């Protein structure tokens with residue numbers, strides 16, 4: 001089964017304490033696709049400019065990412081330049097050039113409209129709503145968002161949230177959206193808007209998945225060498241939604257497993273620049289990391305006396 | 001089996017967004033004892049001033065905290081006044097009066113010198129070293145510390161660390177001590193000084209226990225109502241070391257279980273002011289929370305195809 005992703009396809013220039021990379025593949029749809037395609041076929045919808053090195057996407061296509069929906073428009077591609085300091089926690093944005101992305105209007109190819117799983121990556125909620133108009137009856141629609149839209153497009157975002165099944169966002173965004181400091185309260189507030197599942201990403205501190213009557217916590221893999229945090233959240237979403245798509249099973253037990261695949265893929269993404277590590281990954285490496293993540297939190301309860 | 005704790009016994013005045021409390025029981029040894037005594041007998045060594053409402057410690061004594069080592073000195077008790085803002089993350093210290101604590105010189109009563117488990121709560125590393133001179137051959141010695149000692153007593157602290165089996169500290173302290181941003185690297189650096197186990201507390205983000213060849217992660221219980229974070233770390237240590245003392249089992253499997261008891265006790269401590277919630281707790285409530293914490297991270301791996 002394929003998963004449809006709509007989001008940004010960009011060129012990133014990144015500086016970390018360990019090195020720098022210029023004009024490498026980036027963008028939410030790119031990271032999502034690189035991660036999800038390890039588990040299931042992906043249908044990508046996005047836009048690039050006439051300057052985009054399309055040939056660099058070939059390895060993704062070879063791995064089952066259908067690029068039919070990748071529009072090429074006249075103009076410059078979306079470029080982001082950022083820097084991470086010593087603690088690698090927050091990216092400092094040095095430059096953002098939206099280019100053709102500023103006029104992006106997603107057109108879902110006919111053959112993608114039946115996609116059973118849909119991920120609306122972080123773009124204008126009006127466009128996310130527009131995508132929902134174009135797809136038929138997906139089994140599950142998930143979306144991401146960011147501080148900018150929470151502030152500037154609140155009514156549209158609230159409308160979107162009433163129409164999706166699952167939302168992924170980071171802890172700061174969950175607090176900003178709900179205006180609640182406590183994450184349990186924030187998640188409940190968001191679920192009251194509509195989504196059955198709220199996935200709160202906390203970076204190196206792991207991720208919480210809130211459902212109506214269950215909470216699951218996935219730890220982050222304790223990496224000794226975090227190289228470049230860019231794209232970790234979208235790779236997490238790719239592993240998570242990709243696993244759900246592959247299995248087609250929305251039981252609580254399988255959702256939990258899916259979150260662990262998200263955590264595993266997110267941890268691989270940060271080991272190298274861009275999607276480099278995701279492109280060299282094998283399925284057995286992923287399974288092995290999921291096993292290690294399981295071992296990280298496994299303990300046996302005391303037997304009753 | 002008893003656990004010996006040496007640390008502060010104070011009077012706290014705390015203000016949170018939910019209320020305020022004046023001159024309530026506080027201090028590292030107090031929180032540790034309140035938590036650990038739910039699991040095993042405790043021997044407390046500390047000092048209070050002539051103004052201390054000793055009778056308020058009676059419920060602790062009734063629960064198996066031996067106060068023989070609690071010295072009463074002429075002068076004022078250690079008082080701390082602090083405030084938590086909206087996000088409850090960091091305490092803002094408004095006043096600290098060390099009082100008789102500034103001249104504290106721990107004297108371990110003869111009957112405590114055989115204690116098999118010892119917790120050196122956060123005090124001057126020179127005093128922690130001095131305690132080690134006074135005890136016989138403990139099975140396990142654990143210590144805590146803080147930013148102030150890391151900066152001002154580094155040589156003594158490094159000497160102490162070469163003599164303990166386990167250290168608990170928070171993520172900021174681990175980074176400050178090791179001068180490494182990455183926590184995996186920080187923990188390895190600290191273990192190279194001597195301790196076989198490094199327990200890094202991350203508050204609402206859980207706790208990591210690093211051992212020579214194992215890493216364990218205990219999530220924090222996702223509380224909807226955190227009331228007063230004061231004492232969470234020492235209550236965590238009380239549950240953790242208290243459980244180890246009760247079982248006397250230092251296997252990796254049991255250490256993992258012990259950390260979960262630490263996480264459970266830490267989560268109860270923040271539900272009310274001071275040690276109030278810890279004093280009303282029952283063993284079955286603790287076991288139930290450990291079960292909930294287990295459920296929080298439990299998932300089944302995918303069966304091989």
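Quick note: the coordinates plus some simple rules give every number you see, no bench work behind them. All figures in this text were calculated on a predicted structure; none of them were measured in a lab. Counting neighbours? That spans all protein chains shown, and the Cβs are built from the backbone with ideal geometry, glycine included.
Going by how many other beta carbons lie within 10 Å of each one, how would you line up B:235, A:37, B:214, fewest first? All intermediate terms of the calculation are to be shown ahead of the outcome.
Values: B:235 31, A:37 24, B:214 13.
In increasing order of surrounding Cβ atoms, one gets B:214, A:37, B:235.
Remark: segment A:203-247 is approximated by an ellipsoid whose semi-axes, taken from the C-alpha gyration tensor as √(5λ), come to 21, 15, 8 Å, largest first.
Its alpha carbons considered, the protein assembly as shown gives a radius of gyration followed by a Dmax of 26.3, 85 Å.
Give the order of B:24, B:118, A:5 when sorted by the count of other beta carbons within 10 angstrom, beginning with the fewest. Each step should come with its number before you reach the end.
Details: B:24 20, B:118 27, A:5 32.
Exposure proxy ranking, most exposed first: B:24, B:118, A:5.
Derived from the Cα gyration tensor, the three semi-axes of the equivalent ellipsoid of segment B:66-219 are 26, 23, 14 Å, largest first.
Have a look at B:269, B:237, B:220 and tell me which one the Gaussian network model of chain B (Cα, springs below 10 Å) gives the largest fluctuation. Result: B:220 has the largest fluctuation of those listed. Average projection, convex hull of the Cα set of segment A:36-144: 8.2 square nanometres. Each copy carries a label point for residue A:53 at 7 Å from Cα along the beta-carbon vector; from one copy to the others these points are 7.1 nm apart, nearest first.
For segment A:99-155, the spherically averaged projection of the C-alpha convex hull amounts to 4.3 nm².
Each copy carries a label point for residue B:126 at 7 Å from Cα along the beta-carbon vector; from one copy to the others these points are 6.8 nm apart, nearest first. Cα centroids of segment B:177-194 and segment A:148-214: 35 Å apart. Largest mean-square fluctuation among B:236, B:32, B:18, in a Gaussian network model of chain B whose springs join Cα atoms under 10 Å apart, belongs to B:18.
Evaluate chain A: find the radius of gyration of its Cα atoms, find its Kirkwood radius, and give the ratio Rg to Rh. Numbers along the way, then the final one.
On the way: Rg = 18.2 Å, Rh = 19.2 Å.
Using only Cα positions, Rg/Rh for chain A is 0.95.
Rg/Rh for segment A:161-305 (Cα atoms only, Rh after Kirkwood) is 0.99.
Could you work out [θ]222 nm for chain B from helices alone, using -39500 (n - 2.57) per DSSP H run of at least four and dividing by all its residues? Round to the nearest 500 deg cm²/dmol.
Values: 11 runs with 111 residues, N = 305.
Computed ellipticity for chain B at 222 nm equals -10500 deg cm²/dmol.
When chain A is treated as a Gaussian network with alpha carbon springs shorter than 10 Å, the biggest mean-square fluctuation among A:250, A:161, A:208 belongs to A:250. In this assembly of identical copies, the label point of residue A:137 (Cα plus 7 Å along Cα-to-Cβ) is separated from its counterparts by 7.4 nm, sorted shortest first. Here the Kirkwood formula puts the hydrodynamic radius of segment B:38-79 at 10.9 Å, using every distinct Cα pair. Shown for A:55, A:285: other C-beta atoms within 10 Å of each C-beta, ranked fewest to most, produce the order A:55, A:285.
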